[in-house]
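The structure appears below as structure tokens.
Every number in this text was worked out from the coordinates using simple rules, so none of it is lab data. Given the structure is predicted, the values throughout are model-derived calculations rather than measurements. Note: ideal-geometry Cβ built from the backbone for every residue, glycine included; neighbour counts use all protein chains shown.
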Amino acid sequence: MAADVSGHIEDTSLSTALSERYLAYAMSTITSRSLPDVRDGLKPVHRRLVYAMQQLRLDPTAGFKKCARVVGDVIGKYHPHGDVAVYEALVRLAQDFAVRYPLVEGQGNFGSIDGDNAAAMRYTEARLTEVAKALLEGIDDDAVDFRPTYDGEESEPVVLPSAFPNLLANGAAGIAVGMATSIPPHNAGEVCAAAALLVKDRDAPIEALLGLIQGPDFPTGGLIVEDAASIRTAYETGRGGFRIRARWAREEGRFGTWQIVVTEIPYQVQKSRLIEQIAELMELKKLPLLGDIRDESTTDIRLVLEPKTRGVEPEVLMETLFRLTQLETRFGLNMNVLGANGVPRVMGLREVILAWLDHRHEVLRRRSAHRMAAVERRLEILEGFLAVYLNLDEVIRIIREEDEPRAGLMATFSLTEMQAEAVLNMRLRSLRRLEEIEIRREHGTLSRERDELAALLDDQGGGVKLRWKRIGQELERLRKQFGSGPLGTRRSTFAEPPKPFDLSSIAAIEREPITVILSQKGWIRAVRGHGVDLAAQKFKEGDGLLPGLGVLECLTSDRVCLFATDGRAFTLRAGDLPRGRGDGQPIRVMVELGNENEVIALFVLGDGGRYLLAGSSGRGLVIEAADLVAEKRTGKQVLNLKPGEQTVACTPATGDQVAVLGDNRRLLVFPLAELPVLGRGTGTTLQKYKDGGLKEVRVFDGGVGLVWRPGAKTRSMKDLAAYVGKRAATGQPVPTWLLRE
């Protein structure tokens, strides 16, 4: 008898209890909700939807049923979650702009690319597509394992047989606990071709696979402008990304006018939200070249962009839109999936395809074994029929006279129990001669099939080779079925990666003077005009103007460079900086600058300028202004530093002499020409130190002299003669006048 545990309390620490429960929640989210299975490319909710529709006999040739009926079956039998979430998953499987190869054929309002919601589930109807039918092929032939549902009353497949490469063809996206997945859709014909190559050679190099799989194939089309090296790295490692641009063309009008027509937009971009974004930027005067935008879309996308003047170059106009709007997006690649053992990990392209092929091999073996058992059962029955056909009179006598006809048949004709039962269940009209001929014909056909299945299942002989040959034939059939026609034709095409495009000149229409203000705590803003009264500027409590470099007068068309202590350069468009009477915006929101790093230089990036960069270790280099331009928020690592080091100076290299002051209180002056001009690196030694490091550095014109501090006395080269030496020397003790300044 079990002990009475009512009222029993066990003490445990809160941290232990939370850890155990959070871990259980995390594992449930990872394995049962967010990550797809590498074998069928489905999450549990999608797998249960497809299986429930198959149970409802919603085949591609059958009639439609209300989506409410489907959702009710799913949440009642297989997926105990909210009906809204399940219906949203069903809707997405039917949207041809969201799924490359829809698994559900919808009838009714299933939403639009504008972001419109689908009608309520009581109004819409659905059935499976041919793609879903391929995923389910063999589900009734013991091809996969089944497990009890949440209430134990039904059973559901652990994974679908998946005769279609769904993971790569339709892609997947999901966010779990501590991990996520992001897989773009691909062309099924190309995936099947790559899989056929791996059937012949499992060690085929990634270059051979990429010769067949060009890259993603998005349902909404668009242009992929990623370079080949990045695509190769992404598919080899399973991590990367792809830049997608809208497809556009110039359309000529009357009297020399023209307009741009956008016919395809990037994947997962809502058309209505895109138009709103462009309209907002036009209102903020951040698209000075664009005159108007119109939506002339019907079932096909048609966005009309009119330039402000006819003299604008279409390519320049589109570059401004690509930079600032969702006409260009980036789709990340993170092939983090559940393996056949249920363990999540990031796989490369070859691993993903091989995992699917191994699953197909196992499905073929199990289906063949299931068919073999059925054939052998039928052959046994047919052999019993043939045995009794030789003496039908005796069979009839036994049935009429024996008390136990089954035992009599088994003893007289040496039949098995199953054969005797089949004979007893035989109809009288089956005793005619013609039926015997049909039985012999069926027996011969099944005997040949049994021999073929035996060869296919023979692991000791050539069975494995035969199975892979059969899989290769299935791949060819799939490629012809889904890799051609309107559904299989590639929609996304490739273009050369865009070259660096200088858009600074386009702001000339709206060019105006502004003053950039940077605070001590890293807040940046722009104020209209030059010669601003700094005393009238307000800052947050405890904050103020950054001494020495917190003010920069420029134009809205300029590019502003921020150089940080970690050796990275960041580029901002002056016209994009927040303006008005507010506090501005934290610089760390606009660029990815860590809290442990500070801005040490703020200047306008001009053409042809050079800058001297120096680190605390005393090493430095000269760099062209063009090499400081950074297109990304992460900036550009220009000066490489060792742990514990930081950048001390980023100063214009306008002059021919360099003055270096170290923590050792020694001064060294040497020609600027002794420093190399590099694009990036650790640089060369400016001054040698036994203790400490670099404190300050100046670049000056030897003919004019050195002014160490603004307003201080100018020191000529004659005054500095004692401190002139070669680069990397230790220098001389600092002069008293420098200590005073």
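About its Cα centre, what dipole magnitude does segment 353-484 give when the only charges are +1 on Lys and Arg Cβ and -1 on Asp and Glu Cβ, stated in debye to the nearest 20?
1020 debye
Taking amide H atoms as placed 1.01 Å from N in the peptide plane, list the residues 5 or more away in sequence, or in a different chain, whose amide H sits under 5 Å from that of residue 172.
Those qualifying (amide H under 5 Å, at least 5 residues apart or on another chain) are 183.
What is the distance in Å between the Cα centres of segment 225-244 and segment 123-151?
34 Å
Below 28 Å, Cα to Cα, which lysines can residue 66 reach? Residues fewer than 8 away in the same chain don't count.
Cross-link targets: 43, 77, 133.
For segment 504-740, just say rounded, prolate or oblate: build the C-alpha gyration tensor, square-root its eigenvalues into a ≥ b ≥ c, call rounded for a/c under 1.5, and beyond that prolate if a/b exceeds b/c, oblate if not. Walk me through the numbers on the way to the answer.
Details: a/c = 1.80, a/b = 1.66, b/c = 1.08.
Prolate, since a/c reaches 1.5 and a/b exceeds b/c.
What is segment 353-484 by shape, rounded, prolate or oblate, if you read a ≥ b ≥ c off the alpha carbon gyration tensor as root eigenvalues and call it rounded for a/c under 1.5, prolate for a/b larger than b/c, and oblate otherwise?
Taking the square roots of the gyration eigenvalues as a ≥ b ≥ c, segment 353-484 is prolate.
Of the listed values [x] 1.53; [y] 1.47; [z] 1.38, identify the label whose number matches Cα Rg over 2.2 N^0.38 Å calculated from this model.
[z]
Under 18 Å Cα to Cα from residue 636, which lysines show up? Leave out anything in the same chain fewer than 8 places away.
499
Quick one: check the C-alpha center-to-center distance for segment 29-104 versus segment 593-617, whole angstrom.
The two parts, judged by their Cα centres, are 54 Å apart.
Calculate the length of the line joining the C-alpha centroid of segment 631-664 to that of segment 257-318, in whole Å.
Distance between centres, Cα-based: 42 Å.
Roughly how big is the chain's charge dipole about its Cα centre, with Cβ charges of +1 (Lys, Arg) and -1 (Asp, Glu), in debye to the nearest 20?
2700 debye
If the reach is capped at under 18 angstrom between alpha carbons, list the aspartates and glutamates near residue 271, excluding any in the same chain fewer than eight residues apart.
Hits, sequence-local ones excluded: 96, 114, 116, 280, 292, 295, 296, 300, 306, 328.
Kindly state, to the nearest 0.05, the FRET efficiency for residue 272 paired with residue 14, given R0 = 56 Å and r defined as their beta-carbon distance. Before the final figure, lay out the partial values.
Details: r = 48 Å, r/R0 = 0.85.
It comes to 0.70.
On a 0 to 90 degree scale, rounded to 10, what angle separates helix 433-457 from the longest Cα axis of the chain?
The angle comes out near 30 degrees.
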